[in-house]
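This report concerns only the one structure given below.
Readers should treat all values here as calculations from the given coordinates under stated rules, not as data from a laboratory. Predicted model only: the values in this text are computed from it and were never measured. Positions of Cβ are backbone-derived with ideal geometry, glycine not excepted, and every protein chain shown enters the neighbour counts.
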Amino acid sequence: MRSEILHKKIFVLLITIYLAASLVGCNASSRGEKNIVFITDIAGLGDKSSNDTVYEGLKRAEEEFDVVINVVESETIDSYTQNIAEQSRENYDLIITVGLPMASAVADVSATFPEQNYVTIDESIDQSNIASVTYKEQEGSFLLGVIAGLTTKSNIIGFVGGVKTDITEKYEYGFRAGVKSVNQNAEVLVEYIEAFDEISLGKNTAARQYEIGADIIYHVAGWSGLGVIEAGSENDFWVINSQEDLPIVDTETILGSMIKRLDTTAYTMVKSIVEGNFTAGKVELGLKEEVIEFSDKSNNILPEVIQVANEYREFIIKNEIRVPFDEITYDEFEKSLVSGQ
């Protein structure tokens, strides 16, 4: 009898040890059909910007597919690389980040984990296990330029940029090309304030352009753009947003906004993992892929102007117009307008 009880105890103990070992051995790949982790920067969820937009796409993917979405919110800039390295050891099916600082951290870590798939959204990294998604911001800006060129009454339009980079130049030159396509008499004032977080500097710059005669100002200045909006509200000129998700009180000031569908990008990347056709490499998306667009949420754009903008959208999608993205391509574009080509 005692021997039988002892055998039962030993059997239960062995089962317990086996189950414990199994649980310890579990990693990300065994916690569901497909396991995805989104690692945010220090802004985290609730930033009403890039992180929230990406997360919206991931939640939609979780609802539609058999996937589990995990989120790691970075508490400090110094933790970016550490967080990515730690999650890379968990064997997730996909690790997703958004923005330049996070992409740089992925680049530092990814070579150590060659079997791990990564996605960097809104920044380009050239590595064999990274899918880098960037955007043709110039295409959406072109359409906003068309809208501005057809709406202005003073024929003076402003552009306020934050820090001058390859990306902000895509916004600038696409916008200028759109204006000139429909209104060659219009002048575009361009100023960079070298900051994305100086609201007062954005406001002062916009006010100065207004004093020169600008009746529409397009800002690509991040949070500094709130100053541009404030100046527009106080001086009664139109403002065009480079991002739709800024907290805006005075919608009567906003003529239109640029939309960059980071949520659609995140959803599509998860879908590719589920369907088994994920491919690393660089990809640039625009109007054709329906991830770049303009918004008339405030209903301030005239219907006939929207119609013309939509016609130009089709020209771009069909490659009948090649939208410039830097000074060289803009000069070529401007020459083609003068020659009528």
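What to note about this one:
- Taking GluC sites (Glu not before Pro) in DSSP loop conformation with at most 15 other Cβ atoms inside 10 Å as exposed sites, the chain has its longest uninterrupted site-free stretch at 195-289.
- What the phi angles of the range 53-59 give under the Karplus curve with 6.51, -1.76 and 1.60, with θ = phi - 60°, is a coupling list of 5, 4, 5, 4, x, 5, 5 Hz, glycine and proline written as x.
- GNM flexibility winner over the chain from 242, 104, 224 (Cα, springs under 10 Å): 104
- Sites matching trypsin sites (Lys or Arg not before Pro) across the range 101-210 that sit in DSSP coil, with at most 14 neighbouring C-beta atoms within 10 Å: 153, 164
- Built amide H within the under 5 Å cut-off of residue 71, gap 5+: 38
- The relative contact order of the range 187-341, computed from alpha carbon pairs under 8 Å that lie at least 6 residues apart in sequence, is 15 percent.
- Spatial separation of Cα centroids for the range 126-188 and the range 261-286, in angstrom: 25
- GNM top mover of 178, 213, 256 - the chain, alpha-carbon springs below 10 Å: 213
- Loop-located trypsin sites (Lys or Arg not before Pro) across the range 297-341 with a Cβ neighbour count of 12 or fewer within 10 Å are 318, with loop assigned by DSSP.
- Per residue, the average separation of C-alpha pairs within less than 8 Å and at least 6 apart gives the range 49-137 a relative contact order of 20 percent.
- Of 100, 144, 262, the one that fluctuates the most in a GNM where the chain has Cα springs shorter than 10 Å: 100
- The antiparallel fraction among DSSP beta bridges confined to the chain stands at about 10%.
- Considering all C-alpha pairs of the chain, those separated by over 28 Å amount to 49%.
- Once the Cα-Cα distance is subtracted from the 0.36 nm per residue extended length, the residue 77 to residue 326 segment shows a gain of 86.6 nm.
- Helix content alone sets the calculated 222 nm mean residue ellipticity of the chain: runs of n ≥ 4 DSSP H residues at -39500 (n - 2.57) each, divided across all residues, give -15000 deg cm²/dmol.
- The chain, relative contact order [Cα under 8 Å, separation at least 6], %: 17
- When each of 112, 53 is scored by the number of other beta-carbon atoms lying within 10 Å, the sequence from fewest to most is 112, 53.
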